[in-house]
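Chemist: Handing you this structure, nothing more for now.
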Amino acid sequence: MIRLNCPVCGARNSTLVDQRAAVPILMHNVFSSAEAARSCKTGELTVRRCDSCGFAWNAAFDPDRIVYGPGYDNAQGYSPQFQTHLDQRIDAIFAAFPGEKPVNIIEVGAGQGDFLKRMQARAGHRIGRAVGFDPAWRGSDGERIDDGKSFDDGKSFDKGKGGEIRMYRRIFDGEAASIAAEIDADLVLSRHVIEHVSEPMDFLRAIRAGIVGRPATRLFLETPDIDWIIRNGAFEDFFYEHCSIFNPASMATALRAAGYGDVAVTTVFGDQYLWAMARFAKDDAQPGEPKPATPAEAFSTQTLVSEWQGRIDAWREAGGKVVLWGAGAKGMTFAQIVDPTGGRIAAIVDMNPGKQGKFIGVTGHAVVTPEALHAIAPTHIVIMNPVYAPEIRAMLAANAIPASLLTLHEDLT
Ligand SMILES: [Zn+2]
């Protein structure tokens, strides 16, 4: 079934941005053999973009095909640049609550609790109680993940000591709401979750409805920005799991329509992500006219892919060998589209130990360690995310890897 009405504003006019018949259902799954990788589950990608609010969605998405469980690994925290980004977000969150009073936190889609633990390590005295929900949580339900220095009743606050953090293996459902209701939340946090949700309006309303009677509670969301993707021709940022991609205007529209007030949307992480802040209480401000979105017509995956294939084929004809750096969703998608039969790209480097030695879905490209580059001896390394380019360049220089480095959306603009 193809969904033509905009899931955010309901408008009927939309533009087809990208279409692919068979993409992997779960991007972060890696496989222990190339054969298993090549027979992974696939689905259809049909990215449409609302002409009215600028929201983009996979019109062919089937939510029943994806079940997030403890095997899901989307850990992204291995890069120093990414860790800096996380700390900046933590500082921005606490800056929204002036003074030193500890705040109670609910995180929806908390993964393995890494962000909550990082919040505690960076500013533990600012955390009263915190609860994280995630269907992929691998510990026991309700398990504590804090550093054990909890103060007893929330009143005898002792500066320098962090509060209690508990994790629950569930989505933000009715039971999660009843757990959340016990902690009187000052803030609700959800990073890189809403792009996986096919009914984003229901998601925003459920969070607000599930945490009743707290008009001052703040919501913080982080999610990719469709405007950045289109502006940069980043076809590698479209994949099955990301069925809902906002831009600043559609995010503001969605938050206000879901009943939130005091909405502010900015871009962070080299403008790749949206950072949205809102209050649970509605304000008097009327939603403004959505800003015109970057025209989607300018975007042609086929043109961009052909350019890359021509470039890589020319290097190989001259005796070259090409590897990608980054086996996250971007690198996997790039390899699967640019090199569907596995002849162009020799391997994909990744810092995540859980991916090294494994193979990516559909094409079966191998994921290797940075050290493996000495044996592979590539002539060209294509870096997937421009944000990480400086640290990767430095690492390659320090290890005397004499390859030419190119960065998507940096060297090519
Ligand atoms: Zn719309």
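The values are calculated or read from the model by the stated rules, or taken from the named source; none is laboratory data. Computed from a prediction, not measured in an experiment: that's the story for all the values here. Note that we place each Cβ from the backbone using ideal geometry, even for glycine, and neighbour counts take in every protein chain shown.
Chemist: What residue, of Gly160, Gly210, Gly148, Gly128, is within 24 Å of the chain's Cα centre (by Cα), at pLDDT below 95 and either buried (at least 21 other Cβ atoms within 10 Å of the Cβ) or within 28 Å of Gly99 (Cα to Cα) (or both)?
Modeler: Among Gly160, Gly210, Gly148, Gly128, only Gly210 is within 24 Å of the chain's Cα centre (by Cα), at pLDDT below 95 and either buried (at least 21 other Cβ atoms within 10 Å of the Cβ) or within 28 Å of Gly99 (Cα to Cα) (or both).
Chemist: Please return the ranges of helices (runs of 4 or more DSSP H) entirely within the range 304-413 where 3 or more residues are buried (at least 22 other Cβ atoms within 10 Å of the Cβ).
Modeler: 329-338
Quick grid of which residues meet (1) aromatic (Phe, Trp, Tyr); (2) in contact with a Leu (Cβ under 7 Å, 6 or more places away or on another chain); (3) away from the ligand (no atom under 16 Å from the Cβ):
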position: Pro215; (1), (2), (3): no, no, yes
position: Leu221; (1), (2), (3): no, no, yes
position: Ile229; (1), (2), (3): no, no, yes
position: Ile245; (1), (2), (3): no, no, no
position: Ala257; (1), (2), (3): no, no, no
position: Ala278; (1), (2), (3): no, yes, yes
position: Ala281; (1), (2), (3): no, no, yes
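Chemist: Same structure again: Mind counting the residues in the range 235-247 that are at pLDDT 95 or above and part of a helix (DSSP H, G or I)?
Modeler: Result for the range 235-247: 0.
Chemist: Can you tell me which of (1) free of Cβ contacts under 8 Å to residues at least 40 places away in the same chain; (2) more than 26 Å from Thr363 (Cβ to Cβ) is the one Ser39 doesn't meet?
Modeler: (2)
Chemist: Looking at the range 21-31, can you tell me whether even one residue there is in contact with a Cys (Cβ under 6 Å, 6 or more places away or on another chain), more than 16 Å from the ligand (Cβ to nearest atom) and not polar (S, T, N, Q)?
Modeler: Checking the range 21-31: at least one residue is in contact with a Cys (Cβ under 6 Å, 6 or more places away or on another chain), more than 16 Å from the ligand (Cβ to nearest atom) and not polar (S, T, N, Q).
Chemist: Something else now. Out of all the residues in the range 263-280, which are of a type outside the set (Val, Ile, Thr) and in contact (Cβ under 8 Å) with a residue 24 or more places away in the chain?
Modeler: Phe269, Gly270, Asp271, Gln272, Tyr273, Leu274, Trp275, Ala276, Met277, Ala278, Arg279, Phe280
Chemist: Report yes if Ala216 is surrounded by 19 or more Cβ atoms within 10 Å (Cβ to Cβ), assigned by TED's automatic domain parsing to the domain that holds Trp275 and more than 16 Å from Phe172 (Cα to Cα), otherwise no.
Modeler: No: the conditions fail for Ala216.
Chemist: Would you call Ile127 in contact with a helix residue (DSSP H, G or I) (Cβ under 6 Å, 6 or more places away or on another chain), touching a residue at least 24 places away in the same chain (Cβ under 8 Å), of a type in the set (Val, Ile, Thr) and farther than 19 Å from Gln88 by Cβ?
Modeler: For Ile127, the condition - in contact with a helix residue (DSSP H, G or I) (Cβ under 6 Å, 6 or more places away or on another chain), touching a residue at least 24 places away in the same chain (Cβ under 8 Å), of a type in the set (Val, Ile, Thr) and farther than 19 Å from Gln88 by Cβ - is not met.
Chemist: Would you please name the residue that is modelled with the lowest pLDDT, looking only at residues in the range 1-20 that are within 16 Å of the ligand (Cβ to nearest atom) and in contact with a Phe, Trp or Tyr (Cβ under 8 Å, 6 or more places away or on another chain)?
Modeler: Residue satisfying both the conditions and the ranking: Arg3.
Chemist: Which one of the conditions (1) in a strand (DSSP E or B); (2) under 20 Å from Ala60 (Cβ atoms) does Met167 fail to meet, given that it meets all the rest?
Modeler: (2)
Chemist: Would you call Asn58 within 16 Å of the ligand (Cβ to nearest atom) and in contact with a Leu (Cβ under 9 Å, 6 or more places away or on another chain)?
Modeler: Yes.
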